[in-house]
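The values are calculated or read from the model by the stated rules, or taken from the named source; none is laboratory data. Model, not experiment: these values are computed from the prediction. We place every Cβ from the backbone using ideal geometry, glycine too, and count neighbours over all the protein chains shown.
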Amino acid sequence: MHFECRLLVAFASILSLANACPMAFDRDLSHNSTNRQAVGDSLHLWPNGIVPYVIDPKYDATSKAIILDGIAEFGKYTCIRFVPRTTQSDYIIFTEHSSGLCWTGKWGERQMEVGRLGGVQYVSLIVAEGCLRKFNVMHELMHSLGFYHEQQRDDRDKYIRVFYDNIVEEQHEVSYGIRYTSTGAANNLGTPYDYNSIMHYHAYSYPKDQSRPVMAALDGCSRFGNEKQFSKVDVLRINILYKCPAPYKAPPPKVTYDDVEVEDNNQYCPSWAAAGECTNNPGYMNENCKKSCGIGSSSDCPSCKDDHEYCPSWAAAGYCSSNPTYLPYMYTNCRKSCEIC
Ligand SMILES: [Zn+2]
């Protein structure tokens, strides 16, 4: 088929050009409008993407600088603007709240809600608990904008296995409970499940037994638990949710996990991996056979692939970055070429 025609068909359901070429719609894109509608129904957003904030004067200069660094990341990639509060009635305050560690909301760590909650809401970052990291600021502010944890997406069971038996009970619902798009969860938005999201917990978040993971990738090798930077999909979602004007700002660089030690801890790892154990028994294998399972280099995972032969050409032509209309499709179906994995 002619290149332009293939391209057109690929984006047909976004562009409403279904009759232009005789080819079926992409199945993932058919959910787009449903997700957007659900978000609009029940999630409170910040009007015009403007979020008034206050920084508790008790923070020292170092902590304030980290908070402002985290805020600045949103300005690099999205149309969200955090502005010092003057008289606005709805706003966030960065503070060391007495009720918990690092959390967002109005009611404490175990009652997390997302988006604009009305009146004052907290981003609680306790210095002594290690919350004053740029990553924490960015993660908590994404909650404030309307996002839950990635492992709470309603399609997460297709991508990760959650070991509830090893998760402390009070986190079962608040951090691992599924949030359905029909109840206002914003993480889907027609975008792919994103192991690299800054909203995805790592494999040892709130374990009962610290020697065992709480989650494992079902593909047996994708890394997750990015605590450094926005993923490309994070940025896309913010831009979609807040209807940032096109063209979007440039996407962030590819997420890497170069701080991970990639070793096998057992001599039988290569043979187990060859027998499919990375997929069948990810809980053990992801931790003890990292080298054989390809952990630490998600881009080498078999699941990190393009689903369309023209992905490299489209990526080279700028479709992974230039036109927001195409990004949900490209990030879903051209994951390798767009460096999503
Ligand atoms: Zn969180």
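Mind checking whether some residue in the stretch 170-188 is more than 15 Å from the ligand (Cβ to nearest atom), within 19 Å of Met142 (Cα to Cα), among the polar types (S, T, N, Q) and not in a loop (DSSP other than H, G, I, E, B)? Looking through the stretch 170-188, at least one residue is more than 15 Å from the ligand (Cβ to nearest atom), within 19 Å of Met142 (Cα to Cα), among the polar types (S, T, N, Q) and not in a loop (DSSP other than H, G, I, E, B).
Residues of the stretch 82-104 being assigned to a loop (DSSP other than H, G, I, E, B), within 15 Å of the ligand (Cβ to nearest atom) and under 15 Å from Val54 (Cβ atoms), which ones? Scanning the stretch 82-104 gives a single hit, His97.
Looking at the stretch 68-83, can you tell me whether even one residue there is touching a helix residue (DSSP H, G or I) at 6+ places or on another chain (Cβ under 8 Å), among the small types (Gly, Ala, Ser), surrounded by 12 or more Cβ atoms within 10 Å (Cβ to Cβ) and at pLDDT 95 or above? So far as the stretch 68-83 goes, yes, one or more of its residues are touching a helix residue (DSSP H, G or I) at 6+ places or on another chain (Cβ under 8 Å), among the small types (Gly, Ala, Ser), surrounded by 12 or more Cβ atoms within 10 Å (Cβ to Cβ) and at pLDDT 95 or above.
Mind checking which residues of the stretch 84-94 are β-branched (Val, Ile, Thr) and surrounded by 12 or more Cβ atoms within 10 Å (Cβ to Cβ)? Correct list: Ile92, Ile93.
Looking across the stretch 126-149, the residues that are outside any loop (DSSP other than H, G, I, E, B), more than 10 Å from the ligand (Cβ to nearest atom) and touching a residue at least 60 places away in the same chain (Cβ under 8 Å) come down to Val127, Lys134, Phe135, Val137, Met138, Leu141, Ser144, Leu145. Of the residues making up the stretch 261-283, just one is closer than 24 Å to Ser175 by Cα and in a loop (DSSP other than H, G, I, E, B), namely Asn281. When the stretch 175-200 is filtered for residues that are at pLDDT below 90 and of a type outside the set (Ser, Thr, Tyr), the ones remaining, listed by number, are Gly184, Ala185, Ala186, Asn187. Please pick out the residue among Tyr257, Tyr268 that is surrounded by fewer than 23 Cβ atoms within 10 Å (Cβ to Cβ), touching a strand residue (DSSP E or B) at 6+ places or on another chain (Cβ under 9 Å) and either farther than 24 Å from Asp154 by Cβ or free of Cβ contacts under 8 Å to residues at least 40 places away in the same chain (or both). On inspection, the qualifying residue turns out to be Tyr268.
To keep it simple, each residue is scored yes or no on (1) charged (D, E, K, R); (2) touching a Cys at 6+ places or on another chain (Cβ under 7 Å); (3) within 21 Å of Cys301 (Cα to Cα).
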| position | (1), (2), (3) |
| --- | --- |
| Val168 | no, no, no |
| Arg179 | yes, no, no |
| Thr183 | no, no, no |
| Pro207 | no, no, no |
| Gln210 | no, no, no |
| Gly225 | no, no, yes |
| Pro247 | no, no, no |
| Val255 | no, no, yes |
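Checked against the criterion of being closer than 21 Å to Asp90 by Cβ, of a type outside the set (A, V, I, L, M), touching a Pro at 6+ places or on another chain (Cβ under 9 Å) and at pLDDT 90 or above, the stretch 116-129 has at least one qualifying residue.
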